[in-house]
Every structure is written in C-alpha cells, then in structure tokens.
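The values are calculated or read from the model by the stated rules, or taken from the named source; none is laboratory data. What you are looking at is a predicted structure, and each value in this text was computed from that prediction instead of being measured. With ideal geometry, Cβ positions are generated from the backbone for all residues, glycine too; neighbour counts draw on all protein chains shown.
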Amino acid sequence: MPELPEVESLRRILARSADRRTITEVRVVEPRLRRPVAHDLADRVAGRRIESIGRRAKYLMLALSGGNTLLVHLGMSGSLTHRRVATDDAPFMTRHDHLELILDDQSRLVFNDPRRFGLMKVFDADGLKTAPELAGLGPEPLDGGFNADYLAQVCRGRKAAIKNVLMDQGIVAGIGNIYASEILFRAGVRPTRRAGRLKRAEIDLIIRFTPIILNAAIASRGTTFRSYRDSRGQPGRFKERLMVYGREGEPCRTCGEPIRNVVVGQRASFYCPRCQH
DNA sequence: CTTACATCCTGATTGC
DNA sequence: TGCAATCAGGATGTAA
C-alpha cells in the first residue's frame, strides 16, 4: 500500500531515470480506474517533456513542458514501473497494465493497478491550483508545518482515535495505515487513544518520531507488504524493520509481548499492549 | 463541524 | 484439491 515513503522512493528513482525525457506517446489501455481517465489526457500529455518530478502527500506530480501537470495516485495496489526493454521476466505488457507513457529513449513508464483504485489526471497551471485532490491536504509530515503546537491544536477536543487523526489527509498528508501504526508504537501511544485525551508529552513524541520513521522507510525504499514495487520492480526493504504492522501474535521486538490487532476506524491497527499506553 | 460507513476493485487468504 | 466466502484498504460521497 503506497504511502508517503513509497511515493517518495518512486519519485527519487524516476527523477534519475525519466526526468527531462519527452513523452512521445501515451497509450491508455484501460481507462476505468477509480475515476475514468479523461479522454483528452493522452493529447494533453503526449509530446511534452517531463520538466520535474514532485510529490505532494501520496500524489506523484509530473510537471510537463507547456505548463500541464500529470497527477498520479497509486491507490492501494498501483505501481509505476520504468521499463527499458521487454524481457521474459517483464514482458512488454502484463496483466493490469492500464496506461503507458512512451519516452523518447524508447523506455516506457507503465501504470499497473490490479484493483484500479489509482488516479491519473492532467491539469493546466490554473487547474492545478484548485485541484480538488490537493486542495484539502494538510501539511507535509517532513516539513516544519507538522509540529507539536499544530498537532496539539487539531487534537484538542477531538474524540476520534489518534490513529485516525494521523491518517486524516486533511490534518497531515501522506501517512497511511502502516506508518500510523509504526509511529504510534515508537511514541508509546495506543492507536485507540482519543486524540483529545493525549498529554502534551505524548504529542511531542508523536511529532518527534514521525520524521524518524518516515525517513527510515524512505532510506529502505519503502515497505512491500504484499505487492508494492518501485519503478525498477524492486520491493521495499522496510518490512523487515516493521515493529508492529502485520505482526499480530508475534513477539514485540522490544519486550516480547504478543502484538495485538484491533480494528480502529474500519482499519487493522497493530500495537504492543505493554509498550503502548 | 465531526463522525460513521458504504463504495470502488481483484488478488491473496481462509474456511469448509 | 476445489471452490466460495472473506479480507485488505485510500479516497470519496453520503448520512447521521
């Protein structure tokens, strides 16, 4: 499930392999993603050069010559792979390859998404400023905007579980189910705790560990839990370093207590009953 | 305003 | 072994 570290890893790899290349052709094989790919997307992308590759929250942003921006979201099962040639292991097209960007060096960026929860949308410069996908996003967790004063303020009076607060893209942008659980483990706070009941010291710990966890995950090029692959088709290595996510019944790496799985806001949430309070 | 929940989808896993 | 039921979950839209 691609979250900020996976998308940021993808961005960094693509920045080396695809940046400054011209998109010579766009092929839409399956437009039925979560929202249909616009019929004019190919015309608005083809022939333009990739000027820079950015990221906002879990969105990848390809800035194109002429002012258009291609916004990409991987949903839950999406990947964007850079393929230079067809091989036996990676044939030219595979199942669930929905859209491909052909670059001027004959390589291709292929969007594959089995569950089709992803997004591919193009904006002009004005449209990007008012893009509904980006308009309501909260601060980036690796920028200064996500600090203890801010988190304390948004938690004040809230009855929602702190884990739901961390996953609310309007409060802080880019954290999903895996990293919310990992951050709360490191902060020693149970995912079920009501946000408004947290002490300032606990808020401080959440803020302190958020960039530590996310940067460590980026350094491992993300977490591959089931299917995530980076643009070279490689899995992320952070799964080996997960402390709680997906480890129900396994011993806590700190104290040995079995990790528990509780449902918070319709999502599986993992925690150590001894290390987290 | 906040919170709850159904919806989209298919591969992997579980149950019988 | 085989098939059906269940689960997983990011963002969105609607309802309470």
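Of the residues A:I207, A:I218, A:I175, the single one that is over 27 Å from A:G75 (Cβ atoms) and under 21 Å from the mean Cα position of the chain (by Cα) is A:I207.
Look at A:R16 and say whether it is in contact (Cβ under 8 Å) with a residue 12 or more places away in the chain and either of a type in the set (D, E, K, R) or within 16 Å of DNA strand B (Cβ to nearest atom) (or both). Judged against the criteria, A:R16 is not a match. Scanning region A:178-204 for residues that are within 16 Å of DNA strand C (Cβ to nearest atom) and more than 19 Å from the chain's Cα centre (by Cα) yields A:F185, A:P191, A:T192. The condition (being in contact with a strand residue (DSSP E or B) (Cβ under 8 Å, 6 or more places away or on another chain) and among the acidic types (D, E)) is satisfied by just one residue among A:D126, A:D149, A:D168, A:D113: A:D113. The lone criterion from (1) out of contact with any Pro (no Cβ under 8 Å at 6 or more places or on another chain); (2) away from DNA strand C (no atom under 16 Å from the Cβ) left unmet by A:Y150 is number (1). Annotation: of all residues in region A:116-149 being charged (D, E, K, R) and either in a helix (DSSP H, G or I) or in the same structural domain as A:T69 (by TED's automatic domain parsing) (or both), the one that is surrounded by the most Cβ atoms within 10 Å (Cβ to Cβ) is A:K121. Sub-8 Å Cβ pairs linking a first residue in region A:109-128 that is at positive phi to a second residue that is part of a strand (DSSP E or B), at least 6 apart or interchain, are A:R116/A:R32; A:R116/A:H98, ordered by first then second residue.
Criterion first (under 15 Å from the mean Cα position of the chain (by Cα) and among the aliphatic types (A, V, I, L, M)) does A:I13 satisfy it? It is true that A:I13 is under 15 Å from the mean Cα position of the chain (by Cα) and among the aliphatic types (A, V, I, L, M).
What number of residues within region A:150-161 satisfy the criterion of being under 25 Å from A:R55 (Cα atoms), more than 10 Å from DNA strand B (Cβ to nearest atom) and not hydroxyl-bearing (S, T, Y)?
Summing the residues that are under 25 Å from A:R55 (Cα atoms), more than 10 Å from DNA strand B (Cβ to nearest atom) and not hydroxyl-bearing (S, T, Y) in region A:150-161 gives 1.
Taking (1) free of Cβ contacts under 8 Å to residues at least 40 places away in the same chain; (2) on the phi > 0 side of the Ramachandran plot in turn, A:A42 satisfies each apart from (2).
In this structure, A:H96 does not satisfy being more than 17 Å from A:T24 (Cα to Cα), assigned by TED's automatic domain parsing to the domain that holds A:V45 and crowded, with 18+ Cβ neighbours inside 10 Å.
Could you tell me whether A:M167 is in contact (Cβ under 8 Å) with a residue 60 or more places away in the chain, within 16 Å of DNA strand B (Cβ to nearest atom) and more than 26 Å from A:R241 (Cα to Cα)? No.
The set of residues in region A:112-129 that are within 16 Å of DNA strand B (Cβ to nearest atom), under 20 Å from A:D40 (Cβ atoms) and among the hydrophobic types (A, V, I, L, M, F, W, C) comprises A:L119, A:M120. The strands (runs of 3 or more DSSP E) found entirely in region A:1-111 that carry 2 or more residues being more than 16 Å from DNA strand C (Cβ to nearest atom) and under 19 Å from A:L134 (Cα atoms) are A:50-56, A:59-64. Which members of region A:14-26 meet the condition of being aliphatic (A, V, I, L, M) and surrounded by fewer than 18 Cβ atoms within 10 Å (Cβ to Cβ)? Across region A:14-26, the qualifying residue is only A:A15.
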